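Asks: I have a structure I would like to understand better, so I am pasting it below and will then ask my questions one at a time.
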Amino acid sequence: MIIQSILLDGVLAAIAACGFAAVSNPPKQSFIYVPILAAIGHMLRFALMTYADVEIAIATFIASVTIGFVGIYFAYRARFPSEVFAFPALLPMIPGMYAYRSLLGMIRFMQTNDALQREEYLPQILSNAITAGSIMFALGVGVAIPLFIFYKHSFRMTRDKELELAERRGQRKA
């Protein structure tokens, strides 16, 4: 049952990531890597949160670092920038529900004149906003760490692809 729930989470994340990738119009070859990367990251986050009792922001950070490293490997194999793979894979982990609850709490806070109700809404607003902000920070920093570590390699990977394409074009003209 545990493995089934982890795999289901990965499949759903892969589907969502393909949708996000399609919107950004990446190369067709990236659709091989994006769902795999999203599934790896989301399954890791889900497993850490559900079965290891890791807090959501920390689990998200670990998953986004993993997405960053695996994305660099995929970029090396496909000869595309790792951002093409990593960013659509991160999008299913965006904390939409926490941001929504925070904004909904703010609206309710502003609409009510009852001081007791306002006191109830304020901690909810802060808790959800801080959680959403922490998750967004973890996503951004986590995926950036591998990019900074392999900064020079990322340029080399895409240059090799450009040279390869230029050589193919030169061969076709001849």
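Asks: For the pair I32/C18, report the inter-label distance in nm, with labels modelled 7 Å from Cα in the Cβ direction.
Replies: 1.6
Asks: Roughly speaking, what is the stretch gain from I58 to L104, that is 0.36 nm per residue apart minus the C-alpha to C-alpha distance, in nm to one decimal? Numbers along the way, then the final one.
Replies: Values: separation 46, 0.36 × 46 = 16.56 nm, distance 2.50 nm.
Between I58 and L104, full extension yields an extra 14.1 nm.
Asks: If you don't mind, another one. Taking Cα atoms, how many degrees apart are the long axis of helix 96-111 and the longest axis of the chain, rounded to 10 and kept between 0 and 90?
Replies: So the inclination is approximately 40 degrees.
Asks: Continuing with the same structure: What do you get for the angle between helix 2-23 and the principal long axis of the chain? Use alpha-carbon atoms, 0 to 90 degrees, nearest ten.
Replies: With both axes taken from Cα atoms, the answer is about 70 degrees.
Asks: Under a Cβ-only charge scheme (Lys and Arg +1, Asp and Glu -1), can you give me the dipole magnitude of the stretch 1-172 about the Cα centre, in debye to the nearest 20?
Replies: On the way: 14 positive and 11 negative charges, 181 e Å.
Once rounded to the nearest 20, the dipole reads 860 debye.
Only the coordinates and a few stated rules stand behind these numbers; no lab work does. Not measured: the values here are computed from a predicted model. As a convention, Cβ positions derive from the backbone with ideal geometry for all residues, glycine included, and neighbour counts pool all protein chains shown.
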